Structure formats: structure tokens, C-alpha cells
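Chemist: Below you will find the structure I want to go over with you.
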Amino acid sequence: SQQGEEDPQALSIQEGENATMNCSYKTSINNLQWYRQNSGRGLVHLILIRSNEREKHSGRLRVTLDTSKKSSSLLITASRAADTASYFCATAGGGSEKLVFGKGTKLTVNP
Amino acid sequence: EAGVAQSPRYKIIEKRQSVAFWCNPISGHATLYWYQQILGQGPKLLIQFQNNGVVDDSQLPKDRFSAERLKGVDSTLKIQPAKLEDSAVYLCASSLKFNTGELFFGEGSRLTVL
């Protein structure tokens with residue numbers, strides 16, 4: 001079964017707006033990762049946040065992690081049409097070493 | 001640096017036929033993964049290798065799926081016989097070390113079973 005659950009399932013915004021996606025998980029983790037997948041392509045790693053970290057930045061990306069609520073959020077600021085993709089959270093830990101992916105959020109950025 | 005290579009990119013077969021997918025990971029990456037991604041869902045881990053040993057194959061349908069990683073480099077995933085529900089994208093990924101973060105994915109092999 002899959003660990004992470006992204007919310008919303010789909011998100012449509014205008015270029016320049018911010019996009020926020022959430023991920024909830026069920027068991028304890030060692031780290032949580034976010035990946036992007038363009039249509040028909042493989043997944044690309046965006047950012048990793050460890051269980052002892054609360055916030056991490058990478059360019060226009062900001063990830064937060066709240067282990068007490070078992071949730072994470074991915075914020076993309078000043079979105080661009082090229083950010084149109086599906087975004088997946090993936091968790092590692094909880095007694096298992098494998099990386100488990102959620103179902104993803106499909107983001108559409110309209111020019 | 002060359003990425004993860006997969007072939008074929010697309011394959012159409014009829015049910016009960018067999019198919020094989022090939023993956024060449026990034027040079028020096030010890031860990032190799034095969035994921036199955038059904039349309040509209042997230043990737044599901046089928047099997048994970050550390051060098052040429054299997055670390056996790058708990059979700060691999062062993063009655064029809066098999067995978068090997070000879071010499072700890074290339075890997076092949078085989079399905080025999082295929083079922084309609086095997087229609088999916090098969091993603092290969094590799095990482096430098098076991099359980100240390102970032103996975104690098106190939107473009108995937110899209111299988112359609114008719």
C-alpha cells in the first residue's frame with residue numbers, strides 16, 4: 001500500500017501565482033522526498049527533507065515537514081508554465097527501507 | 001553524466017505473451033529499482049537490488065514477473081505471461097548508495113497489453 005497521500009489531486013493556477021501541494025503519511029519516516037514528473041517522462045528528484053528538519057528551500061521551492069501531524073507541503077513560488085507536471089511525495093522509513101510514493105498532484109500552470 | 005537508460009520505450013503485446021524490459025543504471029550506482037506506474041497513480045516498487053542481490057521484492061508478482069541484475073550493473077524485468085492489468089509504465093531508477101536519498105529515474109517503458 002502507498003504511504004503518502006497528496007492533496008489536492010489536481011490544481012490549476014495562473015502563471016506567476018504560488019502553488020501549494022500537501023502530503024500526508026501514516027507511519028514514522030526517516031526522510032520525505034518530492035519528485036516531479038512531466039507527462040510521458042520519468043520522475044525527477046526535487047528536494048529531500050529529513051525527519052529532524054522542519055523546512056528546506058531550493059530555488060523557488062519551499063518544503064515544510066511537520067512530523068507531529070505526519071504531513072509535508074511543497075510550495076512553488078512565482079509559478080511558470082514549465083512547472084506544469086505531476087508532483088509526488090515519497091517517504092522512506094517506518095521500518096522499511098523502500099521509498100513509497102503517493103498518487104501525486106497534477107499541477108497545471110496556465111500562461 | 002549519462003542518465004538511466006531503458007528500452008524499449010513502448011511495447012504492445014497480447015495477453016499471455018511475454019515481454020522483457022532492460023535497464024542500464026548510472027555508472028557506479030549500487031542500488032537499482034524497478035517501479036510499476038499505472039495510469040493516474042504513483043509508482044509502486046516491484047523490486048530493489050543492492051549490487052546484484054535482491055533487497056526487496058515483496059510486491060513483485062512472482063508467478064509472472066521476474067527480474068535479474070547480472071554482475072551488479074544492467075537489469076532485466078520480464079513478464080510471462082502478461083495480463084491486461086499489467087498495462088503500465090515500468091520505471092527503472094538507480095541511486096548511488098542504499099537508502100541515502102535521491103533516486104535517478106529513466107524515461108520508462110510503456111507496456112500495453114491487449
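Bear in mind these aren't lab numbers, they're just calculated from the coordinates by the rules spelled out. Just so it is clear, the model here is predicted, and its values are computed rather than measured. Cβ placement follows ideal geometry from the backbone for every residue including glycine, while neighbour counts extend to all protein chains displayed.
Here is a yes/no grid of residues against (1) touching a residue at least 60 places away in the same chain (Cβ under 8 Å); (2) closer than 24 Å to B:Lys97 by Cβ; (3) in contact with a Cys (Cβ under 8 Å, 6 or more places away or on another chain); (4) hydroxyl-bearing (Ser, Thr, Tyr):
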| position | (1), (2), (3), (4) |
| --- | --- |
| A:Glu5 | yes, no, yes, no |
| A:Ile29 | yes, yes, no, no |
| A:Leu46 | no, yes, no, no |
| A:Glu55 | no, no, no, no |
| A:Ser68 | no, no, no, yes |
| A:Thr77 | no, no, no, yes |
| A:Val109 | yes, no, no, no |
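Chemist: Going through the stretch B:39-60 one residue at a time, which ones are assigned to a loop (DSSP other than H, G, I, E, B) and either within 10 Å of chain A (Cβ to nearest Cβ) or touching a Leu at 6+ places or on another chain (Cβ under 8 Å) (or both)?
Modeler: B:Gly40, B:Gln41, B:Gly42, B:Pro43, B:Asn52, B:Asp57, B:Ser58, B:Gln59, B:Leu60
Chemist: For the stretch A:80-92, indicate whether the set of residues that are more than 24 Å from B:Gly40 (Cα to Cα) and either in contact (Cβ under 8 Å) with a residue 12 or more places away in the chain or buried (at least 17 other Cβ atoms within 10 Å of the Cβ) (or both) is non-empty.
Modeler: No, the stretch A:80-92 contains no residue that is more than 24 Å from B:Gly40 (Cα to Cα) and either in contact (Cβ under 8 Å) with a residue 12 or more places away in the chain or buried (at least 17 other Cβ atoms within 10 Å of the Cβ) (or both).
Chemist: Evaluate the following for A:Gln37: is it buried (at least 19 other Cβ atoms within 10 Å of the Cβ), under 30 Å from A:Pro111 (Cβ atoms), in contact (Cβ under 8 Å) with a residue 24 or more places away in the chain and among the polar types (S, T, N, Q)?
Modeler: Yes; evaluated as a whole, the condition is true for this residue.
Chemist: I would also like to ask the following. Could you look through the stretch B:43-86, keep only residues that are crowded, with 17+ Cβ neighbours inside 10 Å and in contact (Cβ under 8 Å) with a residue 60 or more places away in the chain, and pick out the one that is nearest to the chain's Cα centre (by Cα)?
Modeler: The extreme case among them is B:Ile79.
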